[in-house]
Amino acid sequence: MAGPGPRLELRQSQTLVMTPQLQQAIKLLQLSNLDLQDYVEQELSQNPLLEVNEREPRAGDDAPEPVREVDGSAETDLSKMGLADTEHETPLDMNVTEALGADEPVAGAAGNADPFMRTRNTRNDFSSDEYDLEQSLTHDISLKDHLMGQINLDVPDPVDRLIAAQLVDMVNDAGYLEGEIAAVADAMGCEVARVEQTLATCQAFDPPGVFARGLGECLGLQLRERNRLDPAMQKLLERLDLLARGDIAALMRHCSVDAEDITEMIAEIKALNPKPGLAFGTDVAQTVVPDVFVRPRPGGGWMVELNSETLPSVLVNTRYYSRISAGARSDTDKAYLSEKLNSANWLVKSLDQRANTILKVATEIVAQQEGFFLFGVSRLRPLNLRDIATVIQMHESTVSRVTANKHMATPRGIYPMKYFFTSAIQSTEGGGETHSAESVRARIKTLIDREEPDAVLSDDKIVEILRTSEIDIARRTVAKYREALRIPSSVDRRRLKRKAS
């Protein structure tokens, strides 16, 4: 029996085509306002049909709405705010991670991505055709970049990490902390003790002596790092004025040591670095410029506004196009003008989509995290990308791109938009309310702070107590949170409390 012969078949399938215009729209969505300015300036230099929009917007102009209001409730009526219509966002609202390829990962694709973690998408190896020798050259890292890198590694708690980032901003070029701890606690809406605890963690960072509030503390931190901060040396640091005056006899009496000991102690002091921060680069710090402003609205609620001062605005010069297109004779000239016109129109549309999408996401973040804006970090709710994406009817990948490299200025300070996405701990009741990891850590610390010397709580006991509050947590998770809070085990706490009593 003869086999089947050749035949004609029709098949229908769907594929995602990454056009240059779609790639441009996705790229613009991930840029901060300042990076977007650089991109637009480059486009202006390459496209003669684009020009900067320098006039004030008028009623009826087709421009993104600059301000949105949140009425103060957790559930926001999007239809009243014009957020439910996603017709024009379709080109941006899709998951294109696979289409972009492995060498172009989507920034911040994880819902609980670290807000302080910096990523690079550029390959920098000799096997790459795009290897750039300049990228392989060493550059002086700044002190603040060096400290921020250690926060990512050594401060696991998101709230403490945010506090530590605020403290880094207060460190001067010499490595000393400027400003008051109480002011940080007030701005963050947390207790002074928590800021001091985070400061103690930061004072163990490299270089030794950083985050000190004075010369004596700076030298003391370096001596502690060398395991040389004994009682006699502590007394010497209390009277550095005697050392500055050269009154060695008075210094010997104050430290209760002989001449040989004081000579060795002074030699150790002279070997320390009074300005440890100067070992790093002193480039001018780049001020974080917010992309979105959040302000309290009179009578309650919040106003969410784009930072129009850093938001570039361009127009298509149709008059110039009409004039030069009329004189175009060759097919090459006509094709060039058509290409530039399409490119200019698409850029204007992409900028408009980007602004509206950022405003949608920021508005819903404010609505979901109103407790933070009212009461501080202790009231952060568990939140992930899906929560926002569901409400504004967009894909999670779109929300991820919007929150990447963006900052939000609030009455409590400037925060990365990624910060507002926090992990959740389930309730013991199946359909009960989830609890944010930060609030659970605070509960654990409160329980331990209130324990009696003869009734020290084990990790298992803490699990039982939390379960009575409908918090479903494993013992190993309690141990992890306790260690992150720098709290000793129950055995060590019992020993310390007995010694103290």
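Structure above, values below:
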| item | result |
| --- | --- |
| The range 141-282, dipole about Cα centre (Lys/Arg Cβ +1, Asp/Glu Cβ -1), debye to the nearest 20 | 200 |
| Highest to lowest packing among 344-350, 413-419, 179-185, 330-336, scored as the average C-beta count within 10 Å | 413-419, 344-350, 179-185, 330-336 |
| Ordering of 164-173, 32-41, 247-256 by packing [mean C-beta count within 10 Å, highest first] | 164-173, 32-41, 247-256 |
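Taken together, the values in this text are just the output of simple stated rules run on the coordinates, not laboratory data. A quick note: this is a predicted structure, and the numbers were derived from the prediction, not measured. All Cβ positions, glycine included, derive from the backbone under ideal geometry; neighbour counts span all protein chains shown.
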